[in-house]
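These notes concern the structure reproduced below.
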Protein chains: 2
Amino acid sequence: MSTPRWLDEDEQRAWRAYMRMQGRLTAHLNRRLQADSGLSLADYEVLVLLTDVPDGRLRPFEIQRGLDWEQSRLSHHLSRMQRRGLIAREECAEDGRGALVVLTDEGRRAIGAAAPGHVETVRRVVFDGLSEEEVTALERLSSRVLDRIETTGTPDPPAAGRESRDHGRDG
Amino acid sequence: MSTPRWLDEDEQRAWRAYMRMQGRLTAHLNRRLQADSGLSLADYEVLVLLTDVPDGRLRPFEIQRGLDWEQSRLSHHLSRMQRRGLIAREECAEDGRGALVVLTDEGRRAIGAAAPGHVETVRRVVFDGLSEEEVTALERLSSRVLDRIETTGTPDPPAAGRESRDHGRDG
DNA sequence: GCGGAATGCATGACGCATCATCTATGTTGT
DNA sequence: ACAACATAGATGATGCGTCATGCATTCCGC
């Protein structure tokens, strides 16, 4: 790592713009969601996964992979959601170690109430301002970076070593 | 808000890719930085601002605007950084309410040690994988979204109402 | 079928982010 | 000069994210 390859001017501008944008965007989405429906963005994403499956029932590790979260984050988060009545936990019949996360009626109601507003917000602050090409660019660019993170010689706790090349259907 | 304008397929793919990427990216950067130098990304950004100014001295509100942070987040964060000896606080002569954040020697050492590695990480996971056009796209796209957040009819605590249209020099 | 590794999940400690609120100083209008 | 208000900053409570660790159960080689 001799003399560091600093970012050139364009890269620097892009980087700062990105960093600033991403901070504000998540903050914004979180606040809107919280104010409109009492859910956090994290709650929302968990609930989406659960509603996407017929019986509203998922194994924690499925959610974990679906969202690319750390295991312990999910566990803690599920506890909080459980406390608030958005989900429930059941024992898993097929795997003695396992658990099952179940969407409660309250959870279903909450996500149903939150979704339209949230999508509208996302649309307004993001997609309504982007051209088709920019949307494509965003997707390609994100996938590229994601790939590089997973390929970089850094274990990076979630999906460690190099053996778990599946994370198949991501919705 | 009659029937919500859901995201079409491309938008949805882009959105999921972005969300997943951004989560992983910040986590990745944070971990690398933490492991290599004991700094968090937040520490790093504060220190960068301080080193960019000749005497290593800034008013909290300047940092706040430079980073687009919430005031109380900054205040708490400064306290922690102070506790760790990265910065110090002084009283402000010109404004009795004010404070001054001063970069300590330890802070200067820390950022100096951290910077090369961090930049290298950013380069590796982001810029080395993007074409020039994609870098430009990233910048435009981020600025656009940022703009829309600030223009959307949502107060959004930091930089409230509509009167503080300055946040001038951000570089 | 037994011992070791891997997997699925939970938990406690701790740093971080936000909200609401508080104090003190500065500014402005009358 | 003073009341009303704005600005700079700090603080406590609380929810969130990560790390390290713990503990079952299941899997696998012998």
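Note on the protein assembly as shown: helix-only mean residue ellipticity at 222 nm, from DSSP H runs of 4+ residues weighted -39500 (n - 2.57) and normalised by residue number, equals -20000 deg cm²/dmol. Modelled spin-label separation between A:Asn30 and B:Arg84, with each label point placed 7 Å from Cα along the Cα-to-Cβ direction: 1.9 nm.
When both the range B:6-60 and the range A:111-150 are represented by their alpha-carbon centers, they are found 18 Å apart.
Under 1.5 on a/c is rounded, so check that first for chain A, then, if it is not, pick prolate when a/b is larger than b/c and oblate when it is not; a ≥ b ≥ c are the square roots of the alpha carbon gyration tensor eigenvalues. Oblate shape, in that a/c is at least 1.5 and b/c is the bigger or equal ratio. Placing unit charges on each Cβ (+1 for Lys and Arg, -1 for Asp and Glu) gives the range B:23-114 a dipole about its Cα centre, and among B:Gly85, B:Gln34, B:Leu67 the Cα reaching farthest toward its positive end belongs to B:Gln34. What separates the B:Arg108 label point from its copies, with the point 7 Å along Cα to Cβ, is 6.4 nm, written shortest first. Each other copy holds its own label point for B:Thr136; taking that point as 7 Å from Cα along Cα to Cβ, the gaps run 1.6 nm, nearest first. Positive contributions from Lys and Arg (+1) and negative ones from Asp and Glu (-1), summed over other residues with Cβ under 14 Å from the Cβ of A:His77, come out at +1. The calculated pair-distance distribution of the range B:60-100 uses every alpha carbon pair, bins of 5 angstrom beginning at 0, and gives 6, 23, 27, 28, 15, 1 percent.
Both numbers refer to the Cα atoms of the protein assembly as shown; Rg and Dmax are 21.4, 70 Å.
Packing here is the average count of other Cβ atoms within 10 Å per residue, and on that basis the peptides A:49-62, B:45-58, highest first, run B:45-58, A:49-62. The charge dipole of the range A:11-146, taken about its Cα centre with unit charges on the Cβ atoms of Lys, Arg (+1), Asp and Glu (-1) only, comes to about 640 debye. Label-to-label distance, B:Arg109 versus A:Arg73, with points set 7 angstrom from Cα along the beta-carbon direction: 3.3 nm.
For chain B, a Gaussian network of Cα nodes joined below 10 Å ranks B:Asp68, B:Asp105, B:Asp147 by mean-square fluctuation, and the top entry is B:Asp147. With the label put 7 angstrom out from Cα along the Cα-to-Cβ vector, B:Arg80 ends up 1.5 nm from the copy partners, going from closest to farthest. When chain A is turned onto chain B, its residue with the beta carbon nearest the axis, and that distance in whole angstrom, is A:Ala137, 2.
Within the shell of other residues whose beta carbon sits under 14 angstrom from the beta carbon of B:Glu133, the net charge comes to -4, with Lys and Arg scored +1 and Asp and Glu -1. Which shape class applies to the range B:7-67: rounded if a/c is under 1.5, otherwise prolate when a/b exceeds b/c and oblate if not, where a ≥ b ≥ c are the square roots of the Cα gyration tensor eigenvalues? In terms of gyration-tensor shape, oblate.
No value in this document is a laboratory result; all are computed from the given coordinates. Values in this document were obtained by computation on a predicted structure and should not be read as measured data. Because the Cβ atoms are built from the backbone with ideal geometry, glycine has one as well, and the counts that use them run over all protein chains shown.
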